[in-house]
Amino acid sequence: MYRFLLTPRWWGINVFVLLAIPFCVFMGSWQLGRFEARVDDHRNAGEQAAENKREAARPLADLLPVDKATAGRQATAEGRYAEQLLVPGRELDGKRGYYVLTLLRTDAGKALPVVRGWLPGDADRADAPAAPKGEVEVTGALQASEQPGENGVPAQGGLPSGQTGAISAASLVNLVSYDVYDAWITLAKADPGMKAVPAAATADTGLDLKAFQNLGYTGEWFVFAGFVVFMWFRLLRREAESVRDAELGLTPDEERVSSPSGV
């Protein structure tokens with residue numbers, strides 16, 4: 001009855017099934033591994049954040065470039081404050097407001113963006129406290145440049161003069177005439193009149209939408225594997241029934257003729 005499995009048509013079906021099932025299982029396992037890696041990153045990020053608070057601050061140059069290992073660590077830098085910009089549309093403690101961002105001109109010839117604090121309401125340069133004069137030393141959590149549209153960073157353009165949507169070297173070099181570090185810090189203690197901005201979680205280290213997408217894709221791939229097996233058994237059963245009916249001498253024409261008499 002099952003000699004039809006040796007026909008070219010069924011050879012093709014069987015080869016497809018034998019390749020599709022391992023592929024689906026492999027892809028499901030890979031997506032599951034990606035989800036587990038994100039869970040580990042989330043746990044490690046929490047442990048690193050606690051460790052960063054205990055560690056002594058280090059010079060900025062020792063922590064660059066910013067990566068998962070250095071993001072959030074306490075960095076120190078010396079220089080003089082220059083241009084001040086506002087970063088609107090930022091929330092803190094459930095309230096909407098804006099960051100006060102001031103560029104610190106260092107002896108290295110580059111400027112370090114420093115978030116000196118947060119204020120509630122609409123961005124207004126008149127309300128933002130002026131930066132200290134003269135040589136200063138700042139200490140704060142090191143952060144990677146932001147990407148518009150990610151991690152809650154607004155992507156809108158056309159902001160008024162003196163404002164920027166994202167804290168990144170790519171955005172700031174268009175607003176100032178000197179080089180800017182591809183990093184920024186948020187002061188551990190905000191300047192008077194403002195609230196300190198806590199360090200943000202490093203990108204791709206949290207249980208965000210991408211992590212649960214990996215988990216969803218895991219389920220989908222395993223469902224696909226089960227579906228392939230189900231369809232193979234269904235085709236096998238239907239083919240076997242057709243062969244059995246042919247061996248018994250039953251054809252569709254005979255069944256249609258015999259149906260009225262059997263009613």
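Taking the options Leu175, Leu187, Leu235, name whichever one is at pLDDT below 90 and under 30 Å from Asp107 (Cβ atoms). Break it down into steps so the answer makes sense when it comes.
Numbers: Leu187 fails: at pLDDT below 90; Leu235 fails: under 30 Å from Asp107 (Cβ atoms).
Every option except Leu175 fails the conditions.
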Check: Condition test on Ala50, is it at pLDDT 75 or above and open to solvent by less than 80 Å² (accessible area, probe 1.4 Å)?
Finding: no
Going through (1) at pLDDT 90 or above; (2) farther than 21 Å from Leu112 by Cβ; (3) open to solvent by less than 80 Å² (accessible area, probe 1.4 Å) one by one, Phe224 fails only at (3)
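Looking at the stretch 206-221, which of its residues are acidic (Asp, Glu) and modelled with pLDDT of 90 or more? Give the steps one after another, and end with the answer.
The first filter runs over the stretch 206-221 and keeps only residues acidic (Asp, Glu), leaving 208, 220.
The one that is acidic (Asp, Glu) and modelled with pLDDT of 90 or more: Glu220.
Test Asp62 against the criterion of being closer than 18 Å to Leu142 by Cα, at pLDDT 80 or above, assigned to a loop (DSSP other than H, G, I, E, B) and not β-branched (Val, Ile, Thr), and give yes or no. Before the answer, list the steps.
On the way: closer than 18 Å to Leu142 by Cα: yes; at pLDDT 80 or above: yes; assigned to a loop (DSSP other than H, G, I, E, B): no; not β-branched (Val, Ile, Thr): yes.
Taking the combined requirement at face value, the residue does not satisfy it.
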Exactly one of Arg116, Arg73 is more than 18 Å from Asp191 (Cα to Cα), buried (at least 19 other Cβ atoms within 10 Å of the Cβ) and in contact (Cβ under 8 Å) with a residue 40 or more places away in the chain, and that one is Arg73
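The values are calculated or read from the model by the stated rules, or taken from the named source; none is laboratory data. Since the model is a prediction, treat every value here as computed from it, not as a measurement. Positions of Cβ are backbone-derived with ideal geometry, glycine not excepted, and every protein chain shown enters the neighbour counts. Each accessible area value is taken on the protein alone, full model and side chains, heavy atoms only, with ligands, DNA and RNA left out. Shrake-Rupley method; radii C 1.70, N 1.55, O 1.52, S 1.80 Å.
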